[in-house]
């Protein structure tokens with residue numbers, strides 16, 4: 001079974017998927033709009049909220065520790081020291097969190113694009129093999145051979161994925 005004999009898949013620049021099959025070479029179906037579920041903006045906002053929450057906890061702990069000192073009871077020093085500790089902690093941790101979140105979101109976004117395109121390609125190939133199986137003009141040997149090749153490709157991809165995960 002030749003992949004180009006069953007169907008061709010063209011990736012457009014806007015991450016859409018255009019498909020054309022041998023029987024429909026002169027007609028192009030419109031691009032399938034794909035919206036990636038990974039949002040960089042949401043990831044960034046969650047990182048900011050996490051940094052603010054962590055800084056607030058550290059500020060509260062610092063304020064509580066300062067309030068245990070008998071010389072500062074009744075003054076506003078514990079509150080000011082807690083707020084100061086929270087601001088310093090936020091200033092030191094937020095840039096790092098934003099940087100690492102941006103990198104991780106970019107990588108997850110690309111992985112999701114690859115996964116979605118792979119699933120679309122497998123669905124198209126499976127559909128074409130199914131149409132070929134239903135076609136009475138195609139010989140039984142060719143039908144069995146193409147189906148076996150498709151199943152072998154699916155199993156080898158799963159085997160490769162499992163070996164990669166077990167190595168980590």
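The values are calculated or read from the model by the stated rules, or taken from the named source; none is laboratory data. Quantities reported herein were computed from a predicted structural model and do not represent experimental measurements. Virtual Cβ from ideal backbone geometry, glycine too; neighbours counted across all protein chains shown.
Is it true that residue 88 is part of a helix (DSSP H, G or I), touching a helix residue (DSSP H, G or I) at 6+ places or on another chain (Cβ under 9 Å) and surrounded by fewer than 15 Cβ atoms within 10 Å (Cβ to Cβ)? Yes: the conditions hold for residue 88. Take residue 126 and decide whether it is at pLDDT below 80 and over 30 Å from residue 53 (Cα atoms). No; evaluated as a whole, the condition is false for this residue.
Table: residues versus (1) within 25 Å of residue 138 (Cβ to Cβ); (2) touching a strand residue (DSSP E or B) at 6+ places or on another chain (Cβ under 8 Å); (3) modelled with pLDDT of 50 or more.
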site	(1), (2), (3)
9	yes, yes, no
30	no, yes, no
33	no, no, yes
46	no, no, yes
55	no, no, yes
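Evaluation of residue 82 against the conditions (1) farther than 30 Å from residue 147 by Cα; (2) in a helix (DSSP H, G or I); (3) touching a residue at least 40 places away in the same chain (Cβ under 8 Å) shows that the sole unmet condition is (3).
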